[in-house]
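Data first, discussion second: the structure below is written as structure tokens.
The values are calculated or read from the model by the stated rules, or taken from the named source; none is laboratory data. Source: prediction; values computed, not measured. Note that each Cβ is placed from the backbone with ideal geometry, even for glycine, and that neighbours are counted across all protein chains shown.
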């Protein structure tokens, strides 16, 4: 089905049920198994796709993260049933180098909603168990990794109005096109806003990310020992206040092009927003879990990536003196990839939440 066809389906739903809550619209646009952006179609996270994530930038990302996984394996006493789960595994660009770098052989599971990505994973990593959701997974000891997953989970939208109250933004239909419609907010949306919106002024927009918390609760419920790590763009509630005051953080990507219209080409466009890490921290804290919240650059440096860069730089200089110029260019490319992962105004500014049971 084309974007026009999915738009027509959404129009019929609106005619039947009235304006759709934005989280429902986002669920259809992204995860419909036949026509959604992730639920169908080609691999999205790749150079030929719609966006790139850290694992596609460099295999050093997965190799470095393997040190964190190994530390958890040792902390748990090297259990024979130790399991590594990646949620939103996409093409396996993270999981593949990570598993190769580990000095032990864990059970590995890839959770991926997109059929095209699951097929690619089965070919690339035949020993890895590939599932479409956590529902097929029994409780386990090990780690769960989610890189740039929570920013795509369905979220409601709310706008602050002149009387200081909130209106929930839904998707309606008017004059042959999808439009935003402000409606009374659902109770669960108001509860989320009360906890995490902050002092947003009139006209400010907040993405209410209850689904991200629910995802975390599901993962924590499966862990019988170990840790989870969530890596994504976002901030704390306080850190997001400025952007919320200026209209929110919701945006779209298509073929590496940024837009701010989530109603344009549903099913053919990525819809995403900054993750509110305060809601996630509150959840793990309430469960009594030890946790750390740091920037990606600091997280990777602590795991030795800056040292790795220094060694590569030394190799590059040695090749420049009396080595192979093509080998030098290859090493230089790897150094630049690491710089991209660590850059404080790019990927290095992502937040990393690690929580331990």
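For the subset of segment 188-216 comprising residues that are under 16 Å from the mean Cα position of the chain (by Cα) and assigned to a helix (DSSP H, G or I), which member is surrounded by the fewest Cβ atoms within 10 Å (Cβ to Cβ)? Only one residue fits best here, namely 214. The number of residues in segment 12-32 being modelled with pLDDT of 95 or more, buried (at least 18 other Cβ atoms within 10 Å of the Cβ) and not in a helix (DSSP H, G or I) comes to 3.
Got at least one residue in segment 127-144 being farther than 29 Å from residue 76 by Cα and either in the same structural domain as residue 75 (by the TED database) or touching a residue at least 12 places away in the same chain (Cβ under 8 Å) (or both)?
no
So, in segment 314-350, of the ones that are part of a loop (DSSP other than H, G, I, E, B) and under 32 Å from the mean Cα position of the chain (by Cα), which residue ends up surrounded by the fewest Cβ atoms within 10 Å (Cβ to Cβ)?
So, considering only residues that are part of a loop (DSSP other than H, G, I, E, B) and under 32 Å from the mean Cα position of the chain (by Cα), the one surrounded by the fewest Cβ atoms within 10 Å (Cβ to Cβ) is 345.
Count, please, the residues in segment 217-231 that happen to be buried (at least 17 other Cβ atoms within 10 Å of the Cβ) and not in a helix (DSSP H, G or I). Number of matching residues: 7.
Just one of the listed residues (222, 190, 157) is within 24 Å of residue 287 (Cα to Cα), assigned by the TED database to the domain that holds residue 37 and touching a helix residue (DSSP H, G or I) at 6+ places or on another chain (Cβ under 7 Å), namely 222.
Only one entry in 173, 166 is closer than 18 Å to residue 248 by Cβ and either in contact with a strand residue (DSSP E or B) (Cβ under 9 Å, 6 or more places away or on another chain) or at pLDDT 95 or above (or both), namely 166. Anything in segment 164-179 that is surrounded by fewer than 17 Cβ atoms within 10 Å (Cβ to Cβ) and either part of a loop (DSSP other than H, G, I, E, B) or touching a helix residue (DSSP H, G or I) at 6+ places or on another chain (Cβ under 9 Å) (or both)? List them, or say none. Listed by number, the residues that qualify are 164, 165, 175, 176, 177. Evaluating residue 127 against the criteria (1) under 22 Å from residue 302 (Cα atoms); (2) more than 19 Å from the chain's Cα centre (by Cα) leaves one unmet condition, (1).
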